[in-house]
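One structure is given below, encoded as structure tokens.
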Amino acid sequence: MRIGLDATPLPLEPTGAGTYILQLIHALAELDSEIELFVFLNRSRLLLFDEIPVGQIKFIPISDNTPAWRLVWEQVGLPSLVRKYQLDLLHSLHYTSPFKLPCLSVVTFHDMTFFMYPHLHTVSKRLLFPFYIHYSARRANTLIAVSETTRQDAIRILAIPEQKIVTVPNGVSSDFRPITDQNLLGECRRKYQLPDKFILFVGTLEPRKNIPLLLRAYHRLLREDTGHHLVLAGNQGWMTGEVWQILKDLQLDEFVHLTGYIPLSDLPMIYNLARIFVYPSLYEGFGLPPVEAMACGTPVIASAIPVNQEHVGEAGLLFLPGDEMSLFENLRQLINDDQMQAEFSAKGLERSKAFTWRSCALSTLGVYQRLAIT
């Protein structure tokens with residue numbers, strides 16, 4: 001089979017869906033299979049694939065452009081490339097696909113947030129993505145959901161036949177593991193000016209991540225424990241005004257550290273340096289950070305949304321979504337109980353073994369092969 005992968009949505013600083021695109025391509029390249037892979041991506045993103053041997057995958061670079069123009073190119077330029085390279089199947093890795101294709105189509109859905117929480121997105125995304133997602137759901141031969149939670153949401157919201165959409169869970173890179181090298185950890189601590197003891201959040205700062213709740217719960221904790229700082233690791237997203245206002249009103253500047261984007265090379269060490277990882281999201285399609293934290297042996301506290309129940313479960317402490325007091329009580333309990341920290345560290349390490357990118361790639365390859373014989 002000649003398989004095309006549309007990786008043009010891949011950002012230079014991958015997180016979430018971007019991590020999925022990057023890691024899936026790497027994992028597919030490592031499989032011993034007879035498929036030929038053609039990856040369409042922005043020219044500047046080629047540097048993200050330096051480790052893949054030349055010839056193992058054919059990269060088709062596209063001129064860098066804005067997200068809006070990418071959607072235009074997807075409809076006009078991509079189908080002609082599909083014909084040029086005589087592809088048997090195109091896998092669209094980020095929600096949207098061309099309206100007309102001369103080959104089989106697979107589309108990955110990462111979540112249904114544009115339908116469930118439209119007010120937490122920019123106007124352009126609210127208008128564009130629901131339309132394109134509905135069309136992809138009708139047009140594709142098979143849909144992939146990155147979690148069973150997302151699969152069930154898509155079936156309910158988009159009225160998809162159950163047999164049309166399959167769950168292929170995301171993985172966790174082997175880079176995420178317990179690290180004991182104190183020199184490496186010390187260099188990372190100095191590089192990002194991290195405090196000795198801290199609670200960690202990783203993710204883009206945007207409304208769905210529910211950072212205001214975390215800040216208010218952490219402020220309560222400070223009344224009893226000023227030894228633990230809070231580190232927010234991630235790019236600034238959109239609609240962050242409430243975050244800055246709370247930081248100012250609660251006078252948290254001394255205790256809250258914003259690192260900006262952390263590259264993959266440093267992120268495992270950030271998890272290892274943290275005492276506790278907290279993920280208070282209102283909604284996730286998969287939620288990579290809690291699983292990455294567990295793979296590093298960092299105890300996890302997460303909101304009890306369906307996908308965290310699916311992936312974290314009893315391997316972490318789950319609190320009622322939106323409940324500030326519940327989060328505060330979990331923070332206070334875990335910070336003051338070394339034995340509990342050790343127990344959740346061990347449980348998280350064991351639970352995280354269920355998620356590998358190789359498994360994700362093998363299941364994705366299985367989707368391609370089943371389509372080829374139908």
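Brief remarks on what is shown
- Boolean, Pro212 is in a loop (DSSP other than H, G, I, E, B), touching a helix residue (DSSP H, G or I) at 6+ places or on another chain (Cβ under 9 Å), surrounded by fewer than 21 Cβ atoms within 10 Å (Cβ to Cβ) and not aromatic (Phe, Trp, Tyr): no
- Hits in segment 1-45 (condition: surrounded by fewer than 23 Cβ atoms within 10 Å (Cβ to Cβ), under 19 Å from Asp266 (Cα atoms), in contact (Cβ under 8 Å) with a residue 40 or more places away in the chain and in contact with a His (Cβ under 9 Å, 6 or more places away or on another chain)): Gly16
- Every condition in (1) part of a helix (DSSP H, G or I); (2) under 29 Å from Gln23 (Cα atoms); (3) among the small types (Gly, Ala, Ser) is met by Ser173 except one, and the failing one is (1).
- Qualifying residue in segment 102-114 (condition: surrounded by 17 or more Cβ atoms within 10 Å (Cβ to Cβ), assigned by TED's automatic domain parsing to the domain that holds Gln75, free of Cβ contacts under 8 Å to residues at least 60 places away in the same chain and within 18 Å of Glu206 (Cβ to Cβ)): yes
- For the residues Leu120, Leu127, the requirement of being closer than 22 Å to Leu288 by Cβ, aliphatic (A, V, I, L, M) and in the same structural domain as Gln75 (by TED's automatic domain parsing) singles out Leu120.
- Within segment 277-318, the set of residues being surrounded by fewer than 24 Cβ atoms within 10 Å (Cβ to Cβ) and part of a strand (DSSP E or B) comprises Leu317, Leu318.
- Among residues of segment 158-209, those that are touching a Phe, Trp or Tyr at 6+ places or on another chain (Cβ under 9 Å) and on the phi > 0 side of the Ramachandran plot, counted: 1
The values are calculated or read from the model by the stated rules, or taken from the named source; none is laboratory data. Values in this document were obtained by computation on a predicted structure and should not be read as measured data. Reconstructed Cβ throughout: ideal geometry from the backbone, glycine too, with neighbour counts over all protein chains shown.
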